[in-house]
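Everything below concerns the one structure shown next.
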C-alpha cells in the first residue's frame, strides 16, 4: 500500500512518531541492561568503542607476556634451587676431604678419595639434569635465557648461564682426588678448590636470586597494568544500571501514554466524522 493511500491527522502522526521514538529508546535501554554496556558497537559511539577495543587488545597482548614471564620465573627459580643442591654436594665433598685429613692411613684416604670421585660424577649428573623448559643455565656459560618484559619485545633481560659442573667449579685438575689423597698436600689442594667453588656458588645464587626478583617485579607490574587497561576499557563502555533502570521505567510509562494518546486521537477523529 502506498504511503499516500492512508491519511493521518497531524495529531495522530505526531503521536505515532513519538511512539516510534519511545519504542526505539526502549529497545536501546533494554540492550544496555541485558549486556551491561552502553556502547555495544561502533555505531553507538565510535570513539569510545575503538578506544575500549584498543585497551583490551593491549591487555590481551600483555596477558601473553605475563604467561611468558611466569615460565621464565619458574626457570630461574628452578636454577636457583638447583644451585642450592649443588652447594649441598660441595659441602659433602668438603666433609670427605676433612675426614681424609683426619687420618694418615693411605687405604682410608684412598677409600675417601674414591667416594670423592664418585660424588663429583653425581654432581655432573645433577647439573645436567637441571633443565627446565628446554633450558639449562648451569652446565654452560654459553647458554642464555632472554626474558621480554613488554608486548613489543623492546625491553628485556638476558640471563647468562654458568658452569657449575665439577670441571667448571673445581677445574679439570681439581674435580678428582689427586694421587688418591695419598699426601696431605693432595687433600689440601682439593679443599682449596672446594672453598673457591662455594664462593662461586654463592655469587651465582645471588645473581639468579636477583634475576628472579626482577622478573617477579615485572610480572606484578604487568598484572597491574592489565587490570588498569581492563578497567579503562570497561569505564568507556559500561552502562550505569541504576540510570538505565530508571530510564526503562520512564520509557515504559511514556510508551503507555503514547499508546493512550494515539488511541484518543483516533477516537476524536471518529467523533468528528460522526458529527460531519
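The values are calculated or read from the model by the stated rules, or taken from the named source; none is laboratory data. As the structure is a computational prediction, the values presented were derived from the model and not from experiment. As a convention, Cβ positions derive from the backbone with ideal geometry for all residues, glycine included, and neighbour counts pool all protein chains shown.
Residues in segment 116-144 that are in contact with a helix residue (DSSP H, G or I) (Cβ under 6 Å, 6 or more places away or on another chain) and in a strand (DSSP E or B): 132, 135, 139.
Put simply, of 95, 54 the only residue that is more than 25 Å from residue 145 (Cα to Cα), out of contact with any helix residue (DSSP H, G or I) (no Cβ under 9 Å at 6 or more places or on another chain) and assigned by TED's automatic domain parsing to the domain that holds residue 128 is 95. Out of curiosity, is residue 176 part of a loop (DSSP other than H, G, I, E, B), at pLDDT below 95 and assigned by TED's automatic domain parsing to the domain that holds residue 91? Taking the combined requirement at face value, the residue satisfies it. Within segment 242-252, is even one residue modelled with pLDDT under 90, assigned to a helix (DSSP H, G or I), within 30 Å of residue 64 (Cα to Cα) and touching a helix residue (DSSP H, G or I) at 6+ places or on another chain (Cβ under 8 Å)? Looking through segment 242-252, none of the residues is modelled with pLDDT under 90, assigned to a helix (DSSP H, G or I), within 30 Å of residue 64 (Cα to Cα) and touching a helix residue (DSSP H, G or I) at 6+ places or on another chain (Cβ under 8 Å). Each residue in segment 111-141 was checked for being touching a residue at least 40 places away in the same chain (Cβ under 8 Å) and farther than 15 Å from residue 84 by Cα, and 10 of them qualify.
State whether the residues of segment 148-166 include one that is on the phi > 0 side of the Ramachandran plot, out of contact with any helix residue (DSSP H, G or I) (no Cβ under 6 Å at 6 or more places or on another chain) and not in a helix (DSSP H, G or I). Yes, because at least one residue in segment 148-166 is on the phi > 0 side of the Ramachandran plot, out of contact with any helix residue (DSSP H, G or I) (no Cβ under 6 Å at 6 or more places or on another chain) and not in a helix (DSSP H, G or I).
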